[in-house]
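Student: One structure follows; several queries about it will come next.
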Amino acid sequence: MAFTEEKLQELLSILPDKVKKARKKHILVKDSSQPDQIIEANTRTIPGIITNRGCAYAGCKGVVVGPLKDMIHIVHGPVGCSYYTWGTRRNKAKSEDPTQNFINYCVTTDMQEKDIVFGGEKKLAKLIDEVVEIFKPKAISINATCPVGLIGDDINAVAKSAEERHGVPVLAFSCEGYKGVSQSAGHHIANNILMDKVIGASDKEEAPGRYAINILGEYNIGGDAWEIERVLKDIGYTIVSTMTGDGSYEELRHAHTADLNLVQCHRSINYIAEMLEIKYGTPWVKVNFIGVEGMSQSLRDMATYFDDEELTRKTEEVIAREVARVQPMIDQYRKVCEGKTAFCFVGGSRGHHYQGMYRELGIETVLAGYEFAHRDDYEGRHVIPTIKTDADSKNIPELHVNRDEKRFRVKVSPEKLEELKKKIPLSEYKGMNFDMQDGYIIVDDLNHYETDEFIKLLKPDIFSSGIKDKYVVQKMGIPAKQLHSYDYSGPYAGFNGALNFARDIAMSFATPTWNFIVPPWQDQPLLEGKMAEG
Ligand code: CFM
Ligand code: HCA
């Protein structure tokens, strides 16, 4: 057992009682003898504790809306907020029509003191006029930052009158930063408006090809979506839209025509998946395109859903070809990685997606968690299918693809059911999503103090999280891999991505750089020691 409840109590003991009590609920020492372990999530961060979370505006504009390339995204607020979501998230996009690819622009009203005092609506309206004149975009978004809500600017009214003036759709997102407890609130706001105003807006009823899918919750960081799409197209899938990496307003309008929705990042887009099912009856499945095993399993799950001989054959053919190509090279990198340990703390889904890829490299994750996930992410099923015979279905067997508590159903013959049962394990998931050994840590909304302490106690060989803590950790002599931006490398998804990841992780162990750094606890007295001396 690497860690114990007692050690955790000790780690938290220096905190004020109220804080200690609050944090205790967000940290678990994995113990498989207790299958009902639960973690608290999606609650307000303790002020001053220094966490990695972002705000609702970051989740709406930065994450979900920002990657749509054929729209101009206006930030109504301070230039700093605009610059943050423009420069931090690695939104990558290509377009067949370069006049409709605005991904590199950073457009803002640059609110000043006088706008706060007298209101910023006129400035915003004028900016929309300029944007239409200069760029002629397919559509425009207005994204509210904190001051907009505080002073009461009515962005919906500005959007409506601009729409009438120019005949261009203007979507207003009331995603003021302070809404909710993290960027998660912003995902929800973005999902609602995209569903309300964009998805399904075209009058097309048929998908443009066979096996039509949408890839939801895939943001093309480092080109991930391009690698996934390469493989899916090769197998024969028709990709109606990707939400929202390298995505477009135009594509989104037809998204309702797909046969199946894939959900890569459940946290940020489950709302759209749910609404598409309710409104259009499109089923959805969780996928995980990270790692050779994750990718292969997800492709097989998709083929099982479509239940088509040709598609299944092609799926197996592509998996065999790709694995034969990348696995021997990954195995070489694995030799450098084997036996090492990692921390894997990311936003709302990569915390568990990357745990699988680490395992494929022989690296054990000793601490994992999410910045802002909800309990259904911690407890949700990793991937999918179960088969049950539904009492309501009058004994007609149905294939139930299970996600969280809900299921979608496809009627199948009894013979087909028997055949499928052999392929799909019957399982009911209970417990944590993180597949960790006993004694390791699952932590929600990790903060600066806990990062320091867990590193000292668990001494991971690699730390993976984001820009905010990367450099603190590297100065301790521990390689830090950003799993948000991939440290400007990538893609990391799909088969080629798994190879890139293996190479980058092996490189971070092999570099001689670490020999030049001595962690402070090895050559300096600890704080208590210093105080005792003084
Ligand atoms: Fe989903 Fe994301 Fe993530 Fe996320 Fe993010 Fe991101 Fe992330 Mo940074 S949508 S939850 S809000 S997978 S921006 S592409 S890397 S925290 S783990
Ligand atoms: C955000 C975006 C972010 C930040 C990354 C990081 C991203 O939360 O606003 O902290 O390193 O992936 O770009 O999550």
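Student: If the Cβ limit is 6 Å and pairs must be 6+ apart or interchain, which residue in the range 204-230 that is away from ligand 1 (no atom under 16 Å from the Cβ) pairs with which residue that is assigned to a strand (DSSP E or B) and of a type in the set (Gly, Ala, Ser)?
Tutor: none
Student: Something else about it: Confirm whether ILE38 is assigned to a loop (DSSP other than H, G, I, E, B), away from ligand 2 (no atom under 16 Å from the Cβ) and either touching a strand residue (DSSP E or B) at 6+ places or on another chain (Cβ under 9 Å) or not β-branched (Val, Ile, Thr) (or both).
Tutor: Judged against the criteria, ILE38 is a match.
Student: Report every pair of residues separated by at least 6 positions or lying on different chains whose Cβ atoms are under 7 Å apart, first residue within the range 480-495 and without any contact (Cβ under 8 Å) to a residue 40 or more places away in the chain and within 11 Å of ligand 1 (Cβ to nearest atom), second outside any helix (DSSP H, G or I) and not hydrophobic (A, V, I, L, M, F, W, C).
Tutor: Close Cβ pairs satisfying both conditions: GLN482/GLY466.
Student: Name the single residue, out of those in the range 67-81 being surrounded by fewer than 24 Cβ atoms within 10 Å (Cβ to Cβ) and of a type outside the set (Val, Ile, Thr), that is nearest to GLU250 (Cα to Cα).
Tutor: The residue in question is ASP70.
Student: Continuing with the same structure: From the set of residues in the range 345-362 that are touching a helix residue (DSSP H, G or I) at 6+ places or on another chain (Cβ under 7 Å) and more than 18 Å from SER268 (Cβ to Cβ), which is surrounded by the fewest Cβ atoms within 10 Å (Cβ to Cβ)?
Tutor: Filtering first and then ranking leaves GLY362.
Student: In addition: Return yes or no: is TYR354 within 15 Å of ASP504 (Cα to Cα) and within 16 Å of ligand 2 (Cβ to nearest atom)?
Tutor: yes
Student: Just name the residue that is nearest to ligand 1 (Cβ to nearest atom) out of those in the range 74-96 that are hydrophobic (A, V, I, L, M, F, W, C) and not in a loop (DSSP other than H, G, I, E, B). Explain how you work it out, then say what you get.
Tutor: First, pick out the residues of the range 74-96 that are hydrophobic (A, V, I, L, M, F, W, C): 74-75, 79, 81, 86, 93.
Now drop any that are not not in a loop (DSSP other than H, G, I, E, B), which leaves 74-75, 79, 81, 86.
On the way: ILE74: 20, VAL75: 17, VAL79: 21, CYS81: 15, TRP86: 13 Å.
Here the answer is TRP86.
Student: So, of the residues in the range 473-486 that are more than 15 Å from PHE345 (Cα to Cα) and out of contact with any strand residue (DSSP E or B) (no Cβ under 6 Å at 6 or more places or on another chain), which turns out to be farthest from ligand 2 (Cβ to nearest atom)?
Tutor: Ranking the qualifying residues of the range 473-486, first place goes to GLY477.
Student: State yes or no: is GLY222 of a type outside the set (A, V, I, L, M), crowded, with 20+ Cβ neighbours inside 10 Å, within 16 Å of ligand 2 (Cβ to nearest atom) and not in a helix (DSSP H, G or I)?
Tutor: No.
Student: Then there is this: In the range 272-282, which residue that is in contact with a helix residue (DSSP H, G or I) (Cβ under 6 Å, 6 or more places away or on another chain) and at pLDDT below 90 is farthest from TYR211 (Cα to Cα)?
Tutor: Going through the qualifying residues, I end up with MET275.
Student: Filter the range 249-291 for residues that are in a strand (DSSP E or B) and within 16 Å of ligand 2 (Cβ to nearest atom) and give the result.
Tutor: Of everything in the range 249-291, just one residue is in a strand (DSSP E or B) and within 16 Å of ligand 2 (Cβ to nearest atom), namely ILE290.
Student: Go through the range 47-59 and give me each residue that's buried (at least 24 other Cβ atoms within 10 Å of the Cβ) and more than 10 Å from ligand 2 (Cβ to nearest atom).
Tutor: ALA56
Student: Could you check ALA56 against (1) more than 14 Å from ligand 1 (Cβ to nearest atom); (2) on the phi < 0 side of the Ramachandran plot; (3) aliphatic (A, V, I, L, M) and say which number it fails?
Tutor: It is condition (1) that ALA56 fails.
Student: It is to be established whether one or more residues within the range 20-35 are under 23 Å from the mean Cα position of the chain (by Cα), surrounded by fewer than 17 Cβ atoms within 10 Å (Cβ to Cβ) and away from ligand 2 (no atom under 16 Å from the Cβ).
Tutor: Scanning the range 20-35 turns up no residue that is under 23 Å from the mean Cα position of the chain (by Cα), surrounded by fewer than 17 Cβ atoms within 10 Å (Cβ to Cβ) and away from ligand 2 (no atom under 16 Å from the Cβ).
The values are calculated or read from the model by the stated rules, or taken from the named source; none is laboratory data. Here the structure is a predicted model, which means the values were calculated and not measured. Here the Cβ is made from the backbone with ideal geometry for all residues, glycine too, and neighbour counts use every protein chain on show.
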